[in-house]
Each structure stands twice: as C-alpha cells, then as structure tokens.
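The values are calculated or read from the model by the stated rules, or taken from the named source; none is laboratory data. Model, not experiment: these values are computed from the prediction. Because the Cβ atoms are built from the backbone with ideal geometry, glycine has one as well, and the counts that use them run over all protein chains shown. These area figures cover heavy atoms from the full protein model, side chains too; ligands, DNA and RNA do not enter into them. Shrake-Rupley method; radii C 1.70, N 1.55, O 1.52, S 1.80 Å.
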Amino acid sequence: PANITISCENSQLPANTGSATATDNCDPAPIITYTNAITSGTCPGNYTITRTWKATDFCSNVSTCIQTITVRDITAPVITCPANVTINCQDSHLPAATGTASANDNCDAAPIISYTDVTTSGSCSGNYVISRTWKATDDCGNFNTCVQTITVHDITAPVITCPANITLPVLSGCSRVVNYTAPVVTDCSSYTVTQTAGLPSGAAFPVGTTTNTFEVTDAAGFTSSCSFTVTITDT
C-alpha cells in the first residue's frame, strides 16, 4: 500500500492504513503477512512505522515490500476553564480556592496544565480583576488556552483593636506623661487611621479619665473605630 501520514489517535491497523496485495504464477492465494519496526520521533506522539509486507506462496517463495506510516501529533488538547468567580479581597486567589482548569488530549493522557495572571486595577487597592490564562500542553508541544476572570472586591470593614485601658498614679502636679501603643488594624486594602478623641501618645494626661478614640477608613470607604481610656489617679 502507499506510504501514509496519520494522526496519533488514528488506528494503525491495515484496515485504516492499507493492505498489500500479491499475485503468483502458480499459487492463486499467496499468504500475506507484515511486521512493524518503529522509529521514535521528537516526542511520544511523533514516530515512524516501517511496515514490511511479505507474500509467501505454497512453495515458500517470498517477496517483500515496505510501507512507511508516519504518525504525527498535531492536535492541541481540549481545555476547560473553571467558572468565573467573585471573591472578597482577603480570600485566597490560589486555584485551590478559585478552581483549576481541566484538559484532555487525543494522544497524551496527562497534558501539563499551567496558568499566568494579569491584574487590572479597580477603583481602590482592594478592588481589582485577575485575568487568569490557563494553558494545557501535550507532550508534543501542542497547546490550548482559556481565560478565567477572578473579580476581587473589598466588601468588609477594617478591624481596629485599641490597647487595653491604662490606669496610672500621678507623678507630680496634676498630670502624667503617658506613652501607649498604636491601635492595630487588619484589612485587605490600604487604610488611614485618625484619632477623633483624647490625647496622642506621649502627651501629658490630666488627673481623671481621658477617652481616646481612633477611627480607621479603608480604600473602599469602610470605617471602624475603637476606644480605650487613660486614667490618672491623684494619690
């Protein structure tokens, strides 16, 4: 049969690639057989089959011919992206939380799946969009891509924690200098902290109780506050 090039998923049997024919001067039906020799190519899906056909008559006279079957993997994997998703800014962006692509291929049972991210800024540091391009590559370098959109929003107010209340005796006169630690803030976007009541750390606090209030505002406009007291006792 003629030389032929087939895709790696196609059948290599003679029913698909052709069978030899033979005539003989005395035997009306010579026996036809074949053997294959495989030569590896540049990847598992690319190789060459050298098929030697043999015709034998009933007196064991033999003739052969060679057919070359070239096998090629030219088909990219089929890739399926995870669904688009919207998450809060403190949530994980990793595929374990947002989904992973899947792929199948005509010849490679386990295509390699990878991804790259491109981030587009939004209205504030806690709002943005991740365009995640998934790529499936088979063992012959054929690949396909799809894009997943991960929308990130800051929808949670920041958490601000003030130091514990402080009580100290007066040292001299009617006040005492007090240093206190700054409030601790957790939020997934940028923020600003302002003191809305009381005295700053390092100030001279008068005898009595002073309430110190701090307010935090994040980039999305959410606010939270906390308060603590500094009490100076007259001993």
> What number goes with the only condition from (1) in a strand (DSSP E or B); (2) closer than 30 Å to Ser123 by Cα; (3) open to solvent by less than 40 Å² (accessible area, probe 1.4 Å) that Ser189 does not pass?
Replying inline: (1)
>> Would you confirm, using the coordinates I've provided, whether Ile130 is under 13 Å from the mean Cα position of the chain (by Cα), over 30 Å from Thr48 (Cβ atoms) and either aliphatic (A, V, I, L, M) or open to solvent by less than 50 Å² (accessible area, probe 1.4 Å) (or both)?
In response: yes
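Could you say which residue among Ile150, Ile155 is assigned to a loop (DSSP other than H, G, I, E, B) and either buried (at least 16 other Cβ atoms within 10 Å of the Cβ) or of a type outside the set (Lys, Arg) (or both)? Step through it out loud before you land on a result.
Values: Ile150 fails: assigned to a loop (DSSP other than H, G, I, E, B).
Of the residues listed, the single one that is assigned to a loop (DSSP other than H, G, I, E, B) and either buried (at least 16 other Cβ atoms within 10 Å of the Cβ) or of a type outside the set (Lys, Arg) (or both) is Ile155.
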>> Looking at the range 1-48 only, could you name the residues that are within 15 Å of Cys107 (Cβ to Cβ) and in contact with a helix residue (DSSP H, G or I) (Cβ under 9 Å, 6 or more places away or on another chain)?
In response: Ile6, Asn10, Ser11
>> Criterion first (hydroxyl-bearing (Ser, Thr, Tyr), at pLDDT 95 or above, assigned to a loop (DSSP other than H, G, I, E, B) and under 46 Å from the mean Cα position of the chain (by Cα)) does Ser11 satisfy it?
In response: yes
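Hey, any hits in the range 193-206 for a residue that's free of Cβ contacts under 8 Å to residues at least 40 places away in the same chain and in contact with a Cys (Cβ under 9 Å, 6 or more places away or on another chain)?
So in the range 193-206, the residues free of Cβ contacts under 8 Å to residues at least 40 places away in the same chain come out as 193-206.
Right, trim to in contact with a Cys (Cβ under 9 Å, 6 or more places away or on another chain) and you get 206.
Checking the range 193-206: at least one residue is free of Cβ contacts under 8 Å to residues at least 40 places away in the same chain and in contact with a Cys (Cβ under 9 Å, 6 or more places away or on another chain).
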>> Out of the residues in the range 54-69 meeting the condition of being hydrophobic (A, V, I, L, M, F, W, C) and surrounded by 17 or more Cβ atoms within 10 Å (Cβ to Cβ), tell me which one is farthest from Thr39 (Cα to Cα).
In response: Ala55
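In the range 43-54, is there at least one residue being assigned to a loop (DSSP other than H, G, I, E, B), of a type in the set (Gly, Ala, Ser) and in contact (Cβ under 8 Å) with a residue 12 or more places away in the chain? I'd like the intermediate steps shown before the answer.
As a first pass, look at the range 43-54 and keep what is assigned to a loop (DSSP other than H, G, I, E, B): 44-45.
Now narrow it down to the ones that are of a type in the set (Gly, Ala, Ser): 45.
Within this subset, residues satisfying the condition of being in contact (Cβ under 8 Å) with a residue 12 or more places away in the chain are 45.
Scanning the range 43-54, I find at least one residue that is assigned to a loop (DSSP other than H, G, I, E, B), of a type in the set (Gly, Ala, Ser) and in contact (Cβ under 8 Å) with a residue 12 or more places away in the chain, so the answer is yes.
In the set Ile38, Ile66, which member is of a type in the set (A, V, I, L, M, F, W, C) and over 23 Å from Cys140 (Cα atoms)? Working first, answer last.
On the way: Ile38 fails: over 23 Å from Cys140 (Cα atoms).
That would be Ile66, the only listed residue that is of a type in the set (A, V, I, L, M, F, W, C) and over 23 Å from Cys140 (Cα atoms).
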>> Let me spell it out: the conditions are (1) of a type outside the set (A, V, I, L, M, F, W, C); (2) buried (at least 16 other Cβ atoms within 10 Å of the Cβ); (3) in a strand (DSSP E or B), and Asp139 meets all of them except one. Which number is the exception?
In response: (3)
> Residues of the range 95-114 being surrounded by 21 or more Cβ atoms within 10 Å (Cβ to Cβ), touching a residue at least 40 places away in the same chain (Cβ under 8 Å) and farther than 14 Å from Thr133 by Cβ, which ones?
Replying inline: Cys107, Asp108
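I need the full set of residues from the range 192-232 which are part of a strand (DSSP E or B), open to solvent by less than 50 Å² (accessible area, probe 1.4 Å) and farther than 20 Å from Thr156 by Cβ, in order please. Let's see the steps before the verdict.
Initially, the range 192-232 is screened for residues part of a strand (DSSP E or B), giving 192-197, 203-206, 208-218, 223-232.
Checking which are open to solvent by less than 50 Å² (accessible area, probe 1.4 Å) leaves us with 197, 203, 205, 208, 210, 212-214, 216-218, 224, 226, 228-232.
Result: Ala197, Ala203, Phe205, Gly208, Thr210, Asn212, Thr213, Phe228, Thr229, Val230, Thr231, Ile232.
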>> Can you report the number of residues in the range 70-94 which are surrounded by 16 or more Cβ atoms within 10 Å (Cβ to Cβ) and farther than 30 Å from Phe222 by Cβ?
In response: 8
